[in-house]
Amino acid sequence: MCIFCKIAAGEIPANIVYKNEHVTAFKDLNPQAPTHILVIPNQHLESVNDIVDDASALVAGECLRAAREIAQQAGLSSYRIVTNIGADAGQSVFHLHLHLLAGRKMSWPPG
Ligand code: 5GP
Ligand code: ZN
């Protein structure tokens, strides 16, 4: 099992902020903004590249919905959602995750 599968299964600890049947969200260990939450599907998908059918598209959509709910409950008026696909894009954990970042001014384009 990968590290994020273990977090979703409760086998290793994380600071979980949201959980439902499809999705788990928890604070990033190495935050890049005052708010930095990772939203993951409970089932293992490696990245956006694994969104290939209705079932995977459903859980990907549930990740976006959870991110929106977390942002709304935290009262965030601006936030950024990022997902890295592949090592050159900055992906270091190969279980699909959305970074929910907020609480500081963001620059564009990202590095
Ligand atoms: P990536 O680089 O794949 O886009 O993002 C992986 C993120 O996972 C990084 O921001 C990193 O800080 C975070 N991370 C890696 N391992 C753990 C962990 O065991 N627990 C938590 N909470 N975050 C982790
Ligand atoms: Zn996994």
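Each reported figure results from applying straightforward, stated rules to the coordinates on display, with no laboratory input. It should be emphasised that the depicted structure is a prediction, and the values quoted were computed from it without experimental measurement. Reconstructed Cβ throughout: ideal geometry from the backbone, glycine too, with neighbour counts over all protein chains shown.
Residues of region 1-13 that are assigned to a loop (DSSP other than H, G, I, E, B) and either more than 9 Å from ligand 1 (Cβ to nearest atom) or in contact (Cβ under 8 Å) with a residue 60 or more places away in the chain (or both): Met1, Cys2, Ala9, Gly10, Glu11.
For region 12-24, taking the residues that are under 12 Å from Glu62 (Cβ atoms) and more than 13 Å from the chain's Cα centre (by Cα), the one that is surrounded by the most Cβ atoms within 10 Å (Cβ to Cβ) is identified as Asn20.
To keep it simple, each residue is scored yes or no on (1) within 15 Å of the chain's Cα centre (by Cα); (2) of a type in the set (D, E, K, R); (3) surrounded by 12 or more Cβ atoms within 10 Å (Cβ to Cβ).
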site	(1), (2), (3)
Gly10	no, no, no
Pro31	yes, no, yes
Arg65	yes, yes, yes
Ser78	no, no, no
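Scanning region 16-32 for residues that are within 11 Å of ligand 1 (Cβ to nearest atom) and within 19 Å of Gly75 (Cβ to Cβ) turns up Val17, Ala25, Lys27, Pro31.
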